[in-house]
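Bear in mind that the values in this text are calculations on the coordinates, not laboratory data. Computed from a predicted structure; not experimentally measured. No Cβ is skipped: glycine too gets one built from the backbone with ideal geometry, and neighbour counts run over all protein chains shown.
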């Protein structure tokens with residue numbers, strides 16, 4: 001009897017989970033007191049239960065309740081909480097309030113209503129299996145990123161070009177999106193954002209890549225405003241073209257970036273250890289040569305000090321040649337930049 005009584009108390013919890021997991025009830029994500037919650041509208045809840053009456057079979061003896069009574073029961077059991085929009089005034093340039101506000105606050109009157117009422121789920125949604133597996137995958141991905149320097153050269157190239165391609169695709173999409181918005185805004189006076197939720201923080205994965213733009217609910221801009229933005233766009237384009245780097249500067253930047261990328265791609269523990277051994281061996285050889293040079297240059301067979309002129313002369317000549325080459329390269333760069 002105790003188990004049946006406990007199961008009967010939990011029927012509204014089971015009903016709430018089924019309703020929340022059902023795709024027929026339209027819902028959004030918003031911020032409620034610094035917490036992201038999933039919420040729906042009252043009128044959508046009523047129409048959803050009327051279109052899917054089979055879900056009420058979970059309620060057993062309460063299956064014949066009206067949608068309003070079921071919602072009030074969920075509110076009493078703290079499975080739902082009634083919310084209200086934070087911004088209650090129409091923003092300048094818009095005709096009405098937003099259909100799905102991004103910020104909510106708890107309403108003092110916790111009674112169900114269909115008229116511009118929002119209700120947020122208070123319980124934590126059960127995560128599907130793929131999300132659980134993904135939570136175990138993140139530490140592995142973090143470790144793999146940290147071990148990137150020791151990857152084989154071919155794997156480094158694949159990862160580099162894949163990441164660069166995704167970044168280029170994303171930036172190109174944003175640029176094309178902004179260009180289309182600017183052209184349509186200036187030419188016909190319409191605000192059309194393709195992929196409207198691509199930068200939204202509260203959008204789900206399905207809504208994130210929605211291509212269809214939202215309906216323009218704002219007033220049409222004046223022709224003077226459109227003309228002003230057209231002039232600003234032309235001036236910005238001319239300034240960017242005027243101050244664009246020349247071919248020589250572009251080549252220098254490309255060389256610097258290429259050197260940095262090559263250093264990252266070509267690094268390996270074997271080369272690092274061999275480089276350390278070569279540096280140690282060079283230091284030992286230099287020390288030995290200095291000691292031999294000092295021993296030979298103390299005295300000659302007649303007892304007079306005679307420095308070894310061959311090594312000194314060759315070293316000084318080499319340093320002078322390198323200094324001359326560096327000075328010539330610097331002069332050439334300065335002359336080219338001046339031109």
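The table that follows gives values for the structure above.
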quantity: Computed label-point distance, nm, for sites residue 242 and residue 207 using a 7 Å Cα→Cβ extension; calculated: 4.5 nm
quantity: Stretch gain in nm, segment residue 234-residue 249, where the contour uses 0.36 nm per residue and the Cα spacing is subtracted; calculated: 2.9 nm
quantity: Stretchable slack from residue 52 to residue 159, in nm (0.36 nm times residue separation minus alpha-carbon distance); calculated: 33.7 nm
quantity: Two-site label geometry, residue 60 and residue 190: point separation in nm, points 7 Å out along Cα→Cβ; calculated: 5.6 nm
quantity: 20 Å reach of a label modelled at residue 23, 7 Å along Cα-to-Cβ, counting backbone N of region 106-125; calculated: 125
quantity: Fewest-first ranking of 181, 15, using other Cβ atoms within 10 Å as the exposure measure; calculated: 181, 15
quantity: Linear extension gain, residue 138 paired with residue 111, 0.36 nm per residue minus alpha-carbon span; calculated: 5.5 nm
